[in-house]
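Asks: First the structure, then my questions, so here it is.
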Amino acid sequence: MKVVVLGAGVIGTTSAYFLAKQGHEVTVIERQNSVAMETSHANAGCLSYGFTSPWAGPGLPLSILKWTLTGRSPLIINPNMSIETIKFLYRMYKNCNARSYEVNKSRMLRMAKYSQKALIEIESDFDFNYEQRKQGSLQLFWDTKEIEKSNRDIAILEKFNIKSELLSTEDCVKTEPGLKYVKNKLAGGIHFKDDFTGNCYMFSNEIYKKCVEIGVNFEFNTDIKSIQINNNKVSSVSTNRGEFNADAYSVSLGSYSSRILSKIGIQTPIYPVKGYSITLPVLNDGDAPQSTIMDEKNKIAITRLGDTIRVAGMAHLTDFDKNLRTKSLDSLMRGLDLIFPKSYVSSEDVQFWTGFRPSTPDGPPIIGPTPFANLFLNTGHGTLGWTMSAGSGKLIANLISGINPDISTEGIDMSRYSFSNKIRKNHG
Ligand SMILES: Cc1cc2nc3c(=O)[nH]c(=O)nc-3n(C[C@H](O)[C@H](O)[C@H](O)COP(=O)(O)OP(=O)(O)OC[C@H]3O[C@@H](n4cnc5c(N)ncnc54)[C@H](O)[C@@H]3O)c2cc1C
């Protein structure tokens with residue numbers, strides 16, 4: 001079968017890999033000149049199989065209030081809010097209760113766990129380096145209240161057989177020796193033993209090379225304008241370089257998915273939640289992180305990637321504004337200084353980056369069929385697209401091929417949004 005994949009971020013590239021492995025003739029259409037040049041470029045690098053949570057949780061509204069009052073908020077909302085921002089916040093707010101949190105977290109954990117298996121499958125297919133480490137990740141607690149809150153998460157994790165361990169301050173320092181400078185400020189931590197870390201950009205490029213080797217065709221510098229529908233099916237994809245036809249189509253355009261899909265009546269509530277990262281060279285190993293450290297209070301993640309440290313975080317709701325906000329760079333530097341003060345060579349060497357997390361208000365991605373028989377979605381991965389990439393690629397390949405999926409798609413496909421079904425009337 002001929003399959004066109006729209007978008008070559010980590011999700012599109014991994015989809016192409018699994019589709020090609022199943023014997024399909026695959027073309028990937030991408031507007032950039034290579035893979036992973038947008039959101040998949042410089043993310044936090046955590047493969048958070050255990051630390052998988054939706055943002056929308058019972059404590060979020062109160063946290064937003066506190067952050068606003070302290071003036072040091074990891075969430076920044078543009079005061080001139082667009083309708084899209086208001087809709088996203090409202091839909092997220094509706095998920096800020098214990099019941100929805102548990103349902104959404106369980107769905108995300110299902111996808112994350114499957115993704116870990118799929119990543120191990122890719123690693124067994126061929127040898128490649130993406131600065132991977134398999135040393136778990138550590139969430140820090142600054143006070144005992146945070147420890148109490150984590151008990152709710154541990155109960156859900158246990159249901160999914162995900163290994164986590166509460167650590168004393170001493171054990172946190174044993175796990176991450178670079179934490180010795182903040183030992184007295186910490187209350188403890190939780191260690192997710194099964195988490196990995198790795199460079200998403202390098203991974204995508206390695207998968208890209210393998211894809212080319214097994215026959216995938218990449219059409220770079222190609223801007224997708226629209227999807228053409230004929231007889232309740234996609235007939236082609238229109239681009240600045242002409243039309244592309246296939247038997248099946250998979251949309252993995254990240255935050256831009258909704259723009260293209262809304263033109264054919266598919267409403268996906270994906271919002272571009274802007275985040276930032278900084279990358280700096282390591283000064284000495286003993287003072288630097290070894291894996292990923294999450295500071296949920298300040299909403300940052302710090303990861304060791306090769307000879308560098310990556311710090312990422314912030315949620316900036318400002319639609320598609322790509323500006324690099326200096327205040328965010330300062331916040332990330334402050335976060336690093338607080339936890340690993342002697343870890344980096346010099347703040348002069350910092351690489352500053354921003355990307356749009358393709359976020360759904362409830363948290364899980366949108367993977368699966370649409371009312372158009374040959375159109376599939378693999379998008380909306382939000383804060384965890386790198387974590388879920390391998391599983392998402394395999395799942396979409398199975399769905400397109402008509403192979404029974406290895407996991408349930410309940411709550412992961414678009415049918416969970418009642419408004420998305422209106423397209424049946426409009427276009428069906
Ligand atoms: C600061 C930050 C930190 C993060 N940290 C982590 C983390 O530690 N772990 C984790 O799991 N996830 C993390 N994420 C999330 C993760 O990076 C994303 O979920 C993931 O990269 C999304 O991949 P994607 O392929 O869907 O989107 P993208 O990488 O954005 O790919 C979409 C592609 O579609 C292309 N495209 C869009 N429109 C068009 C068009 N009209 N025509 C042609 N091509 C088009 C784009 O050029 C792009 O290449 C983080 C994100 C941010 C911003």
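The values are calculated or read from the model by the stated rules, or taken from the named source; none is laboratory data. Note that this is a predicted model, so its numbers are computed, not measured. No Cβ is skipped: glycine too gets one built from the backbone with ideal geometry, and neighbour counts run over all protein chains shown. Surface areas here come from the heavy atoms of the whole protein model, side chains and all, with no ligands, DNA or RNA. Shrake-Rupley method; radii C 1.70, N 1.55, O 1.52, S 1.80 Å.
Asks: For the stretch 323-331, does any single residue satisfy the condition of being among the hydroxyl-bearing types (Ser, Thr, Tyr) and touching a helix residue (DSSP H, G or I) at 6+ places or on another chain (Cβ under 9 Å)? It would help to see each step written out before you state the result.
Replies: Going residue by residue through the stretch 323-331, those that are among the hydroxyl-bearing types (Ser, Thr, Tyr) are 326, 328, 331.
Applying the additional criterion that residues be touching a helix residue (DSSP H, G or I) at 6+ places or on another chain (Cβ under 9 Å) yields none.
The answer is no, given that none of the residues of the stretch 323-331 is among the hydroxyl-bearing types (Ser, Thr, Tyr) and touching a helix residue (DSSP H, G or I) at 6+ places or on another chain (Cβ under 9 Å).
Asks: In addition: Can you name every residue in the stretch 240-278 that is open to solvent by less than 20 Å² (accessible area, probe 1.4 Å) and part of a strand (DSSP E or B)?
Replies: Passing the criteria: 248, 249, 250, 251, 271, 272, 273, 274, 275, 276, 277, 278.
Asks: Just for the stretch 274-323: of the residues that are within 20 Å of residue 255 (Cβ to Cβ) and among the charged types (D, E, K, R), which one is nearest to the ligand (Cβ to nearest atom)? Before you say what the answer is, go through the steps one by one.
Replies: Within the stretch 274-323, the first condition is being within 20 Å of residue 255 (Cβ to Cβ), and the residues that meet it are 274-277, 299, 301, 312-323.
Of the ones still in play, those that are also among the charged types (D, E, K, R) are 274, 299, 319, 321-322.
On the way: 274: 7, 299: 10, 319: 15, 321: 14, 322: 12 Å.
Here the answer is 274.
Asks: Being modelled with pLDDT of 90 or more and open to solvent by 60 Å² or more (accessible area, probe 1.4 Å) narrows it down to one of 38, 25, 30, so name that one.
Replies: 25
Asks: Also, I was wondering about something else. Name the residues in the stretch 293-332 that are touching a Ser or Thr at 6+ places or on another chain (Cβ under 7 Å) and open to solvent by 60 Å² or more (accessible area, probe 1.4 Å), would you?
Replies: 322, 324
Asks: With closer than 19 Å to residue 312 by Cβ and more than 8 Å from the ligand (Cβ to nearest atom) as the only criterion, which of 355, 363, 382, 368 stands out? Break it down stepwise before answering.
Replies: Numbers: 355 fails: more than 8 Å from the ligand (Cβ to nearest atom); 382 fails: more than 8 Å from the ligand (Cβ to nearest atom); 368 fails: closer than 19 Å to residue 312 by Cβ.
Result: 363 is the single residue among 355, 363, 382, 368 that is closer than 19 Å to residue 312 by Cβ and more than 8 Å from the ligand (Cβ to nearest atom).
Asks: Go through the stretch 1-92 and tell me which strands (runs of 3 or more DSSP E), entirely inside it, have 3 or more residues that are in contact with a Ser or Thr (Cβ under 9 Å, 6 or more places away or on another chain) and within 15 Å of the ligand (Cβ to nearest atom). Outline the logic, then answer.
Replies: On the way: elements: 2-6, 25-29, 75-77.
Hits in the stretch 1-92: 2-6.
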